[in-house]
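Every number here is computed from the coordinates shown, using simple stated rules; none is lab data. The structure displayed is predicted, hence computed values, not measured ones. Using ideal geometry, Cβ is built from the backbone for each residue, glycine included, and neighbour counts are taken over all protein chains shown.
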Amino acid sequence: MSVVRPSTRVVLVPLKRFDTAKSRLRNALSDGQATDLTIRLARGVLEAARPLPTVVVCDNELVADFARDCQADVFLSPSQSLNGSVSDAYRSIEHFDHFIIVHGDLRHPDGLGVFEPPEGVTIITDHHRTGTNVLSLPAGLDFHFSYGKDSALAHEHEALRLGVPLHVVTNSPWRFDVDEPEDLAEGLDSI
């Protein structure tokens, strides 16, 4: 008789330095407001990821301390790019079958901790359907991360290149992130 081991998932949350993150919002907000907003959004994502093991990917000790205060583990990456940092963590972190990579600026992150992705790669786009707010993939793929402009399409092509099942979700509550001044239309109090 064979024993089937349950899939083990981990949530990766890449975070930039809080005092420089959200550069596109810093024209609409004071530096203090932008920093506070960045911290509040990140805390919401980390709380929503429970009870799944969660690892903050960063290159800054203050962000690492914040992550530990939020009961997340930390992966300090030497890479200065988002793609390099996520790639380093994905290839280095062991003992998990599946990775759920989540941006730390989701407006409505509820449910992350109970998300059970289907087999293969799942891309949850931003509300423009061009960015990747959540990317779920099995461990051990030779996956090339392509965050930035048109990342959803780039990640789709990567899944197709690898020949793994692909799921693209465009209507998730996780499609709303906070990057641009127009993302603040509902006001800071709604975040």
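Descriptive notes on the structure:
- Of I124, I101, I93, the one that fluctuates the most in a GNM where the chain has Cα springs shorter than 10 Å: I93
- Assuming charge only on the beta carbon of Lys and Arg (+1) and of Asp and Glu (-1), the dipole of the chain about its Cα centre is about 240 debye to the nearest 20.
- Taking the DSSP bridge list for the stretch 9-182 and keeping only pairs wholly inside it, about 40 percent are antiparallel.
- FRET efficiency estimate (nearest 0.05) - Cβ-Cβ, D179 to D110, R0 30 angstrom: 0.95
- Within the chain, no helix built from a complete DSSP H run reaches 27 Å or longer along its own axis (Cα positions) while carrying a mean Kyte-Doolittle hydropathy of 1.6 or higher.
- Based on C-alpha pairs under 8 angstrom that are at least 6 apart in sequence, the chain has a relative contact order of 23 percent.
- Loop sites in the stretch 82-191: GluC sites (Glu not before Pro), DSSP, at most 12 other Cβ within 10 Å: E94, E119, E186
- The length gained on full extension between R26 and L162, counted as 0.36 nm times the residue separation minus their Cα-Cα distance, comes to 45.1 nm.
- In terms of its C-alpha gyration tensor, the stretch 46-191 has a rounded overall shape, because the principal axis ratio a/c (a ≥ b ≥ c, square roots of the eigenvalues) stays below 1.5.
- Simple Cβ-charge dipole of the stretch 1-103, Lys/Arg +1 and Asp/Glu -1, about Cα centre, in debye nearest 20: 340 debye
- For the chain, a Gaussian network of Cα nodes joined below 10 Å ranks S85, S30, S151 by mean-square fluctuation, and the top entry is S30.
- Top of V57, V164, V45 by mean-square fluctuation, Gaussian network on the chain, Cα under 10 Å: V164
- With helices as the sole contributors, the chain gives -8000 deg cm²/dmol at 222 nm; each DSSP H run of n ≥ 4 counts as -39500 (n - 2.57), and the sum is divided by every residue.
- Fully extended contour minus Cα-Cα distance, from K149 to R129, at 0.36 nm per residue: 6.1 nm
- Sites excluded, trypsin sites (Lys or Arg not before Pro) in DSSP loops with at most 16 other C-beta within 10 Å, longest stretch of the chain: 27-128
- The stretch 61-101: C-alpha gyration tensor shape, a/c 1.5 cut-off, then a/b vs b/c: oblate
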